[in-house]
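Here's the structure we're looking at; comments come further down.
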Amino acid sequence: MYAVTATIAAPVQPTEVPERVADAVRELFPNADLTVTDDEVRGTTHDFDAFRERLYEQEILDTARAEFERNRTDGGFSFDLKKQAAVQGVVNFSVGSPAELGDIHVAVDVEEPSVDAFVAHLAPETRDGRPIED
């Protein structure tokens, strides 16, 4: 059983429609509990199923795992996603400078099992592009 909470935050620029930014977040985290204001979309979720499915569908498990490890803490990890890609339901990690319109920031707190185990669940190690079965 997983006891995990993600806090999600995305800025809303004056040129953007707040509900469209919320829709981008919902494309990857459909069960997120969101609060939408004129300048930010903020929320939480405990459900990573849809996000995990996208990682598998897009065959980006190695990239995702590397990104999770790069931003790891003792109690979790964080990552940034491109809003434009998220609108299409595509996971595109933001590395380097933030996008002009800002990124979707996801901070994941892992209570159970462990950070290593949850990262392995989301994005297991692969061999020849396929998850390694234990």
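Points worth noting:
- Once each of the GluC sites (Glu not before Pro) sitting in a DSSP loop with at most 16 other beta-carbon atoms within 10 Å is removed, the chain keeps 1-58 as its longest stretch.
- Whole-number D in µm²/s for the chain (Stokes-Einstein; Kirkwood sum over Cα pairs; 20 °C, 1.002 mPa s): 142 µm²/s
- Relative contact order, percent, the stretch 1-112 [alpha-carbon distance under 8 Å, six or more residues apart]: 37 percent
- Descending semi-axes in whole angstrom, ellipsoid equivalent of the stretch 55-134, from the Cα gyration tensor: 22, 17, 10
- Per-residue extension of 0.36 nm, minus the Cα-Cα distance of Tyr2 and Asp39, leaves a gain of 10.1 nm for this segment.
- In the context of the full protein assembly, Val17 retains an accessible surface of approximately 90 Å², using a probe radius of 1.4 Å and ignoring ligands and nucleic acids.
- Residue of Gly96, Gly43, Gly76 that the Gaussian network model of the chain assigns the largest fluctuation, springs spanning Cα pairs under 10 Å: Gly96
The values are calculated or read from the model by the stated rules, or taken from the named source; none is laboratory data. All of these numbers come straight from a predicted model, not from anything done at the bench. Using ideal geometry, Cβ is built from the backbone for each residue, glycine included, and neighbour counts are taken over all protein chains shown. Side chains are part of the model used for accessible areas, which takes the heavy atoms of the whole protein and leaves out ligands, DNA and RNA. Shrake-Rupley method; radii C 1.70, N 1.55, O 1.52, S 1.80 Å.
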